[in-house]
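What follows is a short report on a single structure.
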Amino acid sequence: MTRLLLGCIADDFTGATDLANNLVRAGMRTVQAIGVPDAPFAGEAECVVIALKSRTIAASDAVAQSLAALRWLQAQGARQIYFKYCSTFDSTPRGNIGPVAEALMDALGCDFTIATPAFPDNGRAVFKGHLFVGDVLLNESGMQNHPLTPMTDANLVRVLQAQCRRRVGLIDHAVVARGAEAVRARIAALRADGVGLAVVDALSNDDLLRLGPALADLPLLTAGSGVAIALPANFGLSPSPQAAALPAPGGLQAVLSGSCSLATNRQVRYAIQAGMPAFALDPLRLARQADAGEDIAEDALAWATPVLARGNGPLLVYSSADPDAVKATQGALGVDAAGALVERAIAAIARALVARGVRQLVVAGGETSGAVVQALGIGQLRIGAQIDPGVPWCHAHAQVVGEAGEPIDADLHIALKSGNFGGDDFFTRAFACAAA
Ligand code: ADP
């Protein structure tokens, strides 16, 4: 059995990938599991990140799922546990960050842990316990209007205290700047004072790297993905290309885009201008086909089959559209129904493309990625080298059904891009990176 060094529990899917990507870049071989695996870990990795969907569910459900993840990670020998949440600390007074952190502390029998969403590479800094997003405080960043987790207070000590039974304290920047010894001394003082969780200031990667050694002996860490850059060194690991090594890519190539973000719309336009064969999905036509009981993947596949047969590089199928078109579609179909229909179509197209030999697949959109990963029966992703910040190539086993009804077990390279990530040339450059 492989004994894990680090076991991570992430409260959403793209956040899990972001964390795994940081660990790989710092030299730790990492696998992302979709949900709690139902069998012991058989692969080769020093870390497994379990991706849950627990950010906005009821706190009691988030606790139950997180404890199930903990039990699995403990059974694989994980020496340290990392609970990963969003770098904007998405939560409400009911949770779920505080309740999950405390349930993990109880289960691990540990009396102290840290909490910090600092992620300087992404513009998230914590100073005097206050979270900044870019140049503004969290509660002025737009997050105060979030539909599910409005963040109206940037003081994380206060925010976390409202969610916790234990006392919440602060390890402030003056301490972090003096290095690991000073942080250890501060932790000892906080502990002696009966503080159970401490928010940690960090403004830069240097701060996180100074902090790292002081965290080596804590059974549990809670953080965004920033702290991860400092952890592999605690286990004697250093950055190396081997940590990101994946099997050689092969097979046909495709991009599926269900994201309508500004960045993705730019990427779609760029790819089309660069000559990538492209097919636009029309959600209203999909709705008519669905109502008539027809196959909603059929048009795209009728177009894609001869393009794939030519074998001339990647093709693109997209529903991405500008905000006016999206609003019009949502007006006609309803927001949720439009989203669900497009996701269903793209998931079905993904299955059929893999059945037709696509083995390198880029998917744009967070929800869209979730739908595709589920449709392809993917349980685990090995994390490879990053294409753009936060978006690595991954390797996975997909299970689909062939045209004659035969089961196909496909080795697949897949990149899952959340909406706003990636440069304009992402779709073309991704395949060049895979080949490199
Ligand atoms: P992002 O990461 O950019 O938020 P997601 O995939 O998470 O992307 O979300 C995009 C949502 O919009 C999905 O539910 C998708 O099915 C839906 N969608 C995609 N294209 C359209 C469209 N043309 N009209 C309406 N909804 C769409």
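Below are the figures for this structure:
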| item | result |
| --- | --- |
| Dipole of the chain, positive direction: furthest Cα of Phe426, Ala223, Thr264, with charges on the beta-carbon | Ala223 |
| Of Gln360, Trp303, Pro283, farthest towards positive along the dipole that unit charges on Lys, Arg, Asp, Glu beta carbons give segment 259-383 | Gln360 |
| Protection proxy ranking of 195-202, 290-297 - average other beta-carbon atoms within 10 Å, highest first | 195-202, 290-297 |
| Alpha-carbon centroid distance for the pair segment 361-436 / segment 274-316, whole angstrom | 18 Å |
| Per residue value of the accessible surface for the chain (all protein chains in place, 1.4 Å probe), Å² | 40 Å² |
| Relative contact order of segment 46-169, defined on C-alpha pairs under 8 angstrom at six or more residues apart (%) | 24 percent |
| Check: the chain dipole with +1 on Lys, Arg Cβ and -1 on Asp, Glu Cβ, in debye | 800 debye |
| Value of relative contact order over the chain, rounded to a whole percent, pairs C-alpha under 8 Å and six or more apart | 18 percent |
| Candidate lysines for bridging to Lys417, where Cα separation is under 24 Å - those fewer than 8 sequence places away on the same chain excluded | Lys53, Lys84, Lys327 |
| Within segment 215-306: Cβ-based charge dipole about Cα centre, in debye rounded to nearest 20 (Lys, Arg +1; Asp, Glu -1) | 380 debye |
| Value at 222 nm in deg cm²/dmol, rounded to 500, when DSSP H runs of n ≥ 4 in the chain each add -39,500 (n - 2.57) | -11000 deg cm²/dmol |
| Euclidean distance of C-alpha centroids, segment 163-197 and segment 85-126, integer Å | 14 Å |
| Rounded, prolate or oblate (a/c below 1.5 giving rounded, otherwise prolate when a/b exceeds b/c) for segment 6-239 by Cα gyration tensor | rounded |
| Peptides ranked, highest mean first, by Cβ atoms within 10 Å: ranges 315-328, 337-350 | 337-350, 315-328 |
| Compactness of segment 221-379 - radius of gyration and Dmax, Cα, Å | 18.4, 60 |
| Overall form of the chain per C-alpha gyration tensor (a/c, 1.5; a/b vs b/c) | prolate |
| Angle in degrees between helix 97-108 and the longest Cα principal axis of the chain, rounded to the nearest 10 | 70 degrees |
| Accessible surface of the chain [probe 1.4 Å, protein heavy atoms]: carbon and sulfur percent | 52 percent |
| Other-chain or far-sequence residues with amide H under 5 Å of Ile408's (modelled H) | Val400, Val401, Gly402 |
| Interchain or long-range residues, amide H under 5 Å from Leu316's placed H | Val255, Ala278, Phe279 |
| Length-normalised contact order for segment 252-435 - Cα pairs under 8 Å, 6+ apart - percent | 30 percent |
| Most positive-pole-ward Cα, Gly142, Leu108, Leu160, against dipole of segment 6-239 from beta carbon charges | Leu108 |
| Shape call, segment 182-291: gyration tensor on alpha carbons, a/c limit 1.5 | prolate |
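The values are calculated or read from the model by the stated rules, or taken from the named source; none is laboratory data. Treat the numbers as computed from the prediction; the structure is a model and nothing was measured. Heads up, the Cβs are rebuilt from the backbone with ideal geometry, glycines too, and the neighbour counts pull from every protein chain shown. Heavy atoms of the whole protein, side chains included, go into the accessibility calculation; ligands, DNA and RNA do not. Shrake-Rupley method; radii C 1.70, N 1.55, O 1.52, S 1.80 Å.
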